[in-house]
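Colleague: Sharing a structure below in structure tokens format, with a few things to ask.
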Amino acid sequence: MERICDLVIIGAGPAGMTAAIYASRAGLKTIMVEAGAPGGKLTKTDEISNWPGITSVNGFELANKMFIHSTSFGAEYVYGNVVRIEESKEDNDFHRVVCEDGNVYAGKAVLIATGTQEQLLGVKGEQENIGRGVSYCAVCDGAFFKGKDVAVIGGGNAALEEALYLAQFASKVYVVIRRDVFRADQIVIDKVMANDKFEFVKERLVSEILDDGMKVTGIKVKAKDGAEEEIPVSAVFPYIGAVPITGFLKDMGITDDKGYMIVNEHMETSIPGIYGAGDVLQKHLRQVVTATNDGAIAAQSAVHKIKGI
């Protein structure tokens with residue numbers, strides 16, 4: 001089935017939902033296509049403490065409020081896993097967004113706000129134990145490990161913030177980092193350092209996730225000199241970075257060598273009528289506030305193009 005609209009937004013995270021608000025307020029017939037729950041990574045974040053005007057807010061609650069707002073002016077949310085974009089052959093023609101289920105959404109403009117997904121450790125035992133002690137969402141699974149020892153892999157903001165969340169449930173949280181210093185903001189580091197539930201394993205790389213055939217039982221870490229040791233834990237939460245969700249843009253020439261989208265200050269790609277916004281972009285800072293900024297600019301650019309103003 002093919003449906004025609006003014007603007008197709010791929011992704012319903014903060015960037016996509018903000019774009020839906022701006023576009024639908026401006027009178028564009030807008031459809032948001034999302035392969036998961038509205039809100040993106042917000043739904044997996046326990047606490048947001050850098051959203052202007054709100055000292056602290058639960059990520060899921062903020063995502064829900066954004067979603068209600070994003071559809072309040074007529075934008076429509078649909079479920080769909082986008083597999084490719086068929087760009088228009090002529091200027092001002094329709095781009096076609098093709099989904100895995102066969103549905104097609106044709107728009108005068110397309111805005112890509114698919115965000116990123118967690119990067120895997122790529123070690124033995126990781127894939128086999130997803131759902132059996134390996135998790136990429138502390139908010140989703142942390143409560144299952146109440147009174148257990150767990151490990152967080154990574155030293156950035158995401159890793160330490162999730163470690164702090166896990167400390168509510170776990171008896172001990174091992175934080176494994178490959179360097180001897182953290183990459184997180186000092187305010188986050190201070191909170192971790194002040195919590196006696198943490199044990200830091202520095203200058204080590206995880207070489208294997210251990211299990212008993214049913215569940216995770218520990219991790220094996222390796223030092224620079226090759227020496228290995230085992231740490232018994234019931235769960236492993238890797239937070240070593242993310243990769244852009246842009247596989248469906250392959251060969252379109254609008255991404256860099258890492259898969260991030262390349263846009264100008266108007267959030268336009270090199271293809272007329274195709275825009276990008278949020279974490280999926282080639283940029284230095286990926287935060288909720290920067291994603292909403294991108295979404296607003298991209299939607300406004302699309303409005304100008306479609307209405308010719």
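Colleague: Looking at segment 242-258, can you tell me whether even one residue there is touching a residue at least 24 places away in the same chain (Cβ under 8 Å) and on the phi > 0 side of the Ramachandran plot?
Modeller: For segment 242-258, residues touching a residue at least 24 places away in the same chain (Cβ under 8 Å) and on the phi > 0 side of the Ramachandran plot: absent.
Colleague: Scan Val57, Val33, Val78 and give me the residue that is crowded, with 21+ Cβ neighbours inside 10 Å and touching a strand residue (DSSP E or B) at 6+ places or on another chain (Cβ under 8 Å).
Modeller: Every option except Val33 fails the conditions.
Colleague: Examine segment 143-155 for a residue that is part of a loop (DSSP other than H, G, I, E, B) and touching a residue at least 40 places away in the same chain (Cβ under 8 Å), and state whether such a residue exists. Give the steps one after another, and end with the answer.
Modeller: Of the residues in segment 143-155, the ones part of a loop (DSSP other than H, G, I, E, B) are 146-148, 154-155.
If we keep only those that are touching a residue at least 40 places away in the same chain (Cβ under 8 Å) as well, we get 148, 154.
Yes: segment 143-155 contains one or more residues that are part of a loop (DSSP other than H, G, I, E, B) and touching a residue at least 40 places away in the same chain (Cβ under 8 Å).
Conditions tested, residue by residue: (1) touching a Leu at 6+ places or on another chain (Cβ under 8 Å); (2) open to solvent by 30 Å² or more (accessible area, probe 1.4 Å).
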| position | (1), (2) |
| --- | --- |
| Ser234 | no, yes |
| Ile240 | yes, yes |
| Phe248 | no, no |
| Ile254 | no, no |
| Gly273 | no, no |
| Ala277 | yes, no |
| Ile309 | no, yes |
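Colleague: Continuing with the same structure: Residue check, Phe73 against (1) surrounded by fewer than 20 Cβ atoms within 10 Å (Cβ to Cβ); (2) touching a helix residue (DSSP H, G or I) at 6+ places or on another chain (Cβ under 7 Å); (3) under 30 Å from Ile187 (Cβ atoms), all met but one. Which one?
Modeller: If we test Phe73 against (1) surrounded by fewer than 20 Cβ atoms within 10 Å (Cβ to Cβ); (2) touching a helix residue (DSSP H, G or I) at 6+ places or on another chain (Cβ under 7 Å); (3) under 30 Å from Ile187 (Cβ atoms), just (3) comes out false.
The rows are residues; the columns are (1) in a strand (DSSP E or B); (2) surrounded by 14 or more Cβ atoms within 10 Å (Cβ to Cβ); (3) of a type in the set (Phe, Trp, Tyr).
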| position | (1), (2), (3) |
| --- | --- |
| Ile231 | yes, yes, no |
| Val243 | yes, yes, no |
| Asp251 | no, no, no |
| Gly259 | no, yes, no |
| Val263 | no, yes, no |
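Colleague: Looking at segment 135-154, which of its residues are of a type outside the set (Asp, Glu) and modelled with pLDDT of 95 or more?
Modeller: Within segment 135-154, Phe145, Lys146, Gly147, Lys148, Val150, Ala151, Val152, Ile153, Gly154 qualify.
Colleague: Among the candidates Glu118, Glu90, which residue alone is open to solvent by 20 Å² or more (accessible area, probe 1.4 Å) and under 18 Å from Gly253 (Cα atoms)?
Modeller: Step by step, each of Glu118, Glu90 is checked, and only Glu90 is open to solvent by 20 Å² or more (accessible area, probe 1.4 Å) and under 18 Å from Gly253 (Cα atoms).
Colleague: Quick one: Val104 ticks every box in (1) crowded, with 18+ Cβ neighbours inside 10 Å; (2) more than 21 Å from Ala242 (Cα to Cα) except a single one, so which number is it?
Modeller: Unmet for Val104, out of (1) crowded, with 18+ Cβ neighbours inside 10 Å; (2) more than 21 Å from Ala242 (Cα to Cα): (1).
Colleague: Another question, if that's okay. Just to be sure I understand, how many residues within segment 58-87 are aliphatic (A, V, I, L, M), farther than 21 Å from Lys250 by Cβ and more than 18 Å from the chain's Cα centre (by Cα)?
Modeller: 3
Colleague: While we're looking at this one, here's another question. Scan the strands (runs of 3 or more DSSP E) fully inside segment 73-131 and keep the ones with 2 or more residues being at pLDDT below 95, over 16 Å from Met32 (Cβ atoms) and not hydrophobic (A, V, I, L, M, F, W, C).
Modeller: Numbers: elements: 76-79, 82-86, 95-99, 104-112, 116-118.
Here the list reads 116-118.
Colleague: Right, next: All but one of (1) modelled with pLDDT under 90; (2) out of contact with any helix residue (DSSP H, G or I) (no Cβ under 7 Å at 6 or more places or on another chain); (3) surrounded by 18 or more Cβ atoms within 10 Å (Cβ to Cβ) hold for Thr45; state the number of the condition that does not hold.
Modeller: It is condition (2) that Thr45 fails.
Colleague: Could I ask something else about it? Can you name the residue in segment 279-307 that is free of Cβ contacts under 8 Å to residues at least 40 places away in the same chain and not in a helix (DSSP H, G or I) and, of all such residues, is least open to solvent (accessible area, probe 1.4 Å)?
Modeller: Going through the qualifying residues, I end up with Leu281.
The values are calculated or read from the model by the stated rules, or taken from the named source; none is laboratory data. Note that the structure is a prediction, hence the values are computed from the model and not measured. Glycine also receives a Cβ, built like all others from the backbone with ideal geometry; neighbour counts cover every protein chain displayed. Accessible surface is based on the protein model in full, side chains and every heavy atom, while ligands, DNA and RNA are left aside. Shrake-Rupley method; radii C 1.70, N 1.55, O 1.52, S 1.80 Å.
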